[in-house]
Structures are given as structure tokens and as C-alpha cells.
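Each remark here refers to the structure printed beneath this line.
The values are calculated or read from the model by the stated rules, or taken from the named source; none is laboratory data. It should be emphasised that the depicted structure is a prediction, and the values quoted were computed from it without experimental measurement. Please note: Cβ atoms are built from the backbone with ideal geometry, for glycine as well, and neighbour counts cover all protein chains shown.
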Amino acid sequence: MKLELLYPGRRQLGPEGVQALLAAAVLALFLSGCAGVRGPAPKPVVTKPPEPAEVVVAKPAKRPTVIPAPLPEPPARPAPPTNDTVLALLSDARSQAESGNLAAAAANLERAIRIDPRNAQLWNQLAHVRLKQKKYSLAASLAAKSNSLSAGNAALLSDNRAIIEQARQGH
């Protein structure tokens, strides 16, 4: 097939033009193949490992000693009003404890506490009964509860501390 049929109006190359075009194509192929070839790989650079740095051990900083300011004593508040039933149960419990009926005394004090659970005196009296029953851990926790409700009553706080100390010693 002739080039005229493919490209009408174009002139045809002669044998020298075809050879020149072929030579140019071979040269381009050759040069493109050489473009990826590089010279010999560079030798890796060997360096000495760094010398270990001097180890410095830091001492922990000393914290300043902070002495907290004493808390102010809470203002003494009057004992919460107790009703007649609580007073009667407390009176019965005291007389039962003095006569040695500790189980009945504890039962009356527990009833009184159910009626007036924020009365620190009731918790203190029950702690005394439990201490006499040799229920030391219970006595200490009851005295601690009484302390949390005492609101500045110094005599009651002191008595509760004595109960806790006796319970710790197991006496």
C-alpha cells in the first residue's frame, strides 16, 4: 500500500529519507535505553557510632513541708429537739444497761435511733452498750457516727474518742 492512499496530498519520502527516519528512531531508542543506566553505586559512608553521653541522674525536688492551718471549731448548735418517745426509750435503755440487761438496752436504743437518726447522744449511748458487750469494732463505728453528728459538742466528742480508744485496745 502506498502512503498516498493513507495520507493523500502528502509527498512521499525517498530511500534516503526513509533511512534517515529509521536511523533517527534507532538512535532515539538507544539513547532512551541508556538514560536509566547510571555509573557505579556510591560506596556507603561508614561512621562511628556516637559516644554515649554522660548519664546525669536528676534528684527529685524536695517539696516544701506544708502545715495546714487548724480548722476552726464548728459553732456549737443546740441539741435537736427530741420527742417524748425517744426520751422514754433512752431512759429505759440507761436503766437496763445499769442493771446488766445489755440486749434490751441495745434494742431500746436502736428503736430510738430509728425515730431520731440524727441524735448524736443516742449513737453514743449505743456505742457504750456495744463496748460493754465486747463488740469492739461495732462500738468504734457507732462512736465515729456519733462524732459526725455531734456538731461541736466537746464533751460528746471526747467521750466518743475514749470509746474508740478502748475499742482499739479491746478492753
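Side notes on the structure shown:
- Among the residues of the range 118-148, the ones that are within 34 Å of the chain's Cα centre (by Cα) and under 18 Å from Asn83 (Cα atoms) come to 1 in all.
- Extreme residue, nearest to Glu98 (Cα to Cα), among residues of the range 113-171 that are of a type in the set (Asp, Glu) and assigned to a helix (DSSP H, G or I): Asp159
- Inclusion of Pro70 among residues that are outside any helix (DSSP H, G or I), at pLDDT below 95 and loosely packed, with under 11 Cβ neighbours inside 10 Å is warranted.
- In this entry, Gly100 is excluded by the filter for residues that are in contact with a Phe, Trp or Tyr (Cβ under 7 Å, 6 or more places away or on another chain), farther than 30 Å from Pro72 by Cα and surrounded by fewer than 16 Cβ atoms within 10 Å (Cβ to Cβ).
- Residue check for Ala105: under 23 Å from Asn83 (Cα atoms) and of a type in the set (Gly, Ala, Ser): yes
- Qualifying residue in the range 138-147 (condition: among the hydroxyl-bearing types (Ser, Thr, Tyr) and buried (at least 19 other Cβ atoms within 10 Å of the Cβ)): yes
- Among the residues of the range 1-28, those that are surrounded by 10 or more Cβ atoms within 10 Å (Cβ to Cβ) and modelled with pLDDT under 70 comprise Leu3, Glu4, Tyr7, Gln12, Leu13.
- Positions within the range 148-163 being surrounded by 14 or more Cβ atoms within 10 Å (Cβ to Cβ) and more than 21 Å from Arg94 (Cβ to Cβ), in sequence order: Ala151
- Long-range neighbours under 6 Å by Cβ, at least six apart or interchain, first residue on the phi > 0 side of the Ramachandran plot within the range 144-171, second in a helix (DSSP H, G or I): Gly170/Tyr136
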